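No value in this document is a laboratory result; all are computed from the given coordinates. Here the structure is a predicted model, which means the values were calculated and not measured. Cβ placement follows ideal geometry from the backbone for every residue including glycine, while neighbour counts extend to all protein chains displayed.
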Amino acid sequence: MSARNLQLAVYTALGAALFGIILAIVHLLQVAVSSYSSSTTAGSGRSTYFSSRNSIMLLSLNGVIQAGNEGENMEHIVNNLELSKNNSNIRAVLLTINSPGGTVATTKRVYEKVLEVRKTKPVVALIGDLAASGGYYIASACTSIIASEGSTLGSIGVISVHMEVHRFLERHGVKATVIKAGRYKDIGSPFRGMTGEERRMYQSHVNEFYALFLKDVAAGRKKKLSKVKTWAEGKIFSAGKAFKLGMIDGIGHRNEAITEIKKLLETEDDLKIVEPEKNFEYYIKKYFLSTFMPSISRTVGYEKILQAPLLYLYPHTDFYRALGSLL
């Protein structure tokens, strides 16, 4: 590449980056104006949580539950649950969930924060298309669960997928050299098969988290462990079936969820829906990175699948669908 072409490529990249930042700033200004307008317009039913009394905090948990997930920042949800707990203007939390699950530690953290808020005020889960595995795990921590009639729920289970590509690589003359300190350091590596001892070790690990999953759902739903076990083993259910089994408390949409909140609060007061404001980092990730560097998220996703130690609270079929789209 000539110096002139290299210079042109650099200028083009810088121009694209600057354009993305400008778009993010413009959107932030639009959100700010919209938030101000909604907070000063009578009867809008939506306002900022700093000034509104008798409010319901609306939080959305979408996509895979994992630390740093670009679809929905779990840290953002945890922080706003904490804010809702401590803000006397917030009477209840409405947590909308549309998730196939995620990693164990992050799911557990959100679950515990929801339980913490539930001790001081109602938290109602509103399920959209899907609350599977980790998604249902978190929903079970809520005071009450309302699901849309077309929702899919359940998939209570833990999965750890290990890819093995060493035979394919050998056929094509590719060899991976591993230098390690620690006998089990490369356990689950895609470049070799797993021994029987290693498989038993992983199975024990998965079983431990599965038992925790069952225990926490039983505690959240206030059901006997024996009852929750009948929902488990990775089985999925429609909203109608889940209601009959006691996995959820009602079928409906936002109006039904708000009615449930009023019932829990024992009030007929007009409750405004408020949402937390997104920070600058959120818009940079959503609009700039997704527009100009979409390959980053795909690359990160692929690497995470290859990290054998990770265990997922995932529905099995959705995981392989996601895997197919990444490879």
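Per-structure values
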item	result
Charge dipole (debye, nearest 20) of the range 212-252; +1 at Cβ of Lys and Arg, -1 at Cβ of Asp and Glu	180 debye
LEU264-GLN203 pseudo-label distance in nm [points 7 Å out on the Cα-to-Cβ vector]	4.0 nm
Environment charge at VAL178 (Cβ cut-off 9 Å; Lys +1, Arg +1, Asp -1, Glu -1)	+2
Charge sum, other residues only, whose C-beta stays under 14 Å from TYR202's C-beta, Lys/Arg counted +1 and Asp/Glu -1	-3
ARG200, ARG192, ARG221 arranged by Cβ crowding within 10 Å, fewest neighbours leading	ARG200, ARG192, ARG221
Estimated distance in nm for a label pair at LEU212 and GLU116, the labels positioned 7 Å out from Cα along Cα-to-Cβ	1.7 nm
Exposure proxy ranking, count of Cβ atoms within 10 Å, fewest first, for ILE56, ILE25, ILE159	ILE25, ILE159, ILE56
Estimated FRET transfer efficiency (ARG53, GLU75; beta-carbon r; R0 22 Å; 0.05)	0.20
Approximate spin-label separation ILE22-SER226, in nm, with each point projected 7 Å along Cα-to-Cβ	6.9 nm
The range 152-247: chymotrypsin sites (Phe, Trp or Tyr not before Pro) falling in loop per DSSP and having at most 14 other Cβ within 10 Å	TYR184
Cα-Cα over 27 Å, subset of LYS85/LYS262; LYS223/LYS262; LYS85/LYS222; LYS224/LYS244; LYS185/LYS224	LYS185/LYS224
For the range 241-269 and the range 122-181, distance of Cα centres in Å	27 Å
Per-residue Cβ neighbour rank within 10 angstrom, fewest leading, ARG199, ARG183, ARG109	ARG183, ARG199, ARG109
